[in-house]
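Heads up: the structure comes next, in structure tokens.
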């Protein structure tokens, strides 16, 4: 009978040791998992930041190109208007002159 009690006590002690070891393993795994998650979070945040910076640069470059394109179009329009004025300046002045004096008559 005493032998059975000793075996039960030994089994109980082994169970406690296994439980403690299991809890230790779980704690270690949780710590490892937390470290991996923190590392992944840091990695993805950095990757996102770099991608954001790259996209920002692309947008700025596209904006600069659009500004240059619009400035070129504006210069062409101004040149066209200037040429039209130069070509028709005498007619414009004459028409203004006549319209000013016709209104007074």
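Nothing in this text is a laboratory measurement; each read-out follows from the coordinates by a stated rule. All values derive from a computational prediction rather than experimental measurement. Because the Cβ atoms are built from the backbone with ideal geometry, glycine has one as well, and the counts that use them run over all protein chains shown.
Summary table
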| quantity | calculated |
| --- | --- |
| Residues of segment 54-70 with amide N under 17 Å of a point placed 7 Å along Cα→Cβ from residue 78 | 67-70 |
| Gaussian network model of the chain, Cα within-10 Å springs - most flexible of 95, 41, 75 | 95 |
| Inverse mean reciprocal Cα-Cα distance (Kirkwood Rh) of the chain, Å | 23.2 Å |
| Contour excess over end-to-end distance, with Cα ends at residue 29 and residue 17 and 0.36 nm allotted per residue | 2.5 nm |
| Helix-only mean residue ellipticity at 222 nm for the chain, each DSSP H run of n ≥ 4 adding -39500 (n - 2.57), per residue, nearest 500 | -38000 deg cm²/dmol |
| Rounded Å value of the spacing that divides the Cα centres of segment 77-100 and segment 1-71 | 75 Å |
| Helix axis angle, 2-104 relative to the chain longest principal axis, alpha carbon, degrees | 0 degrees |
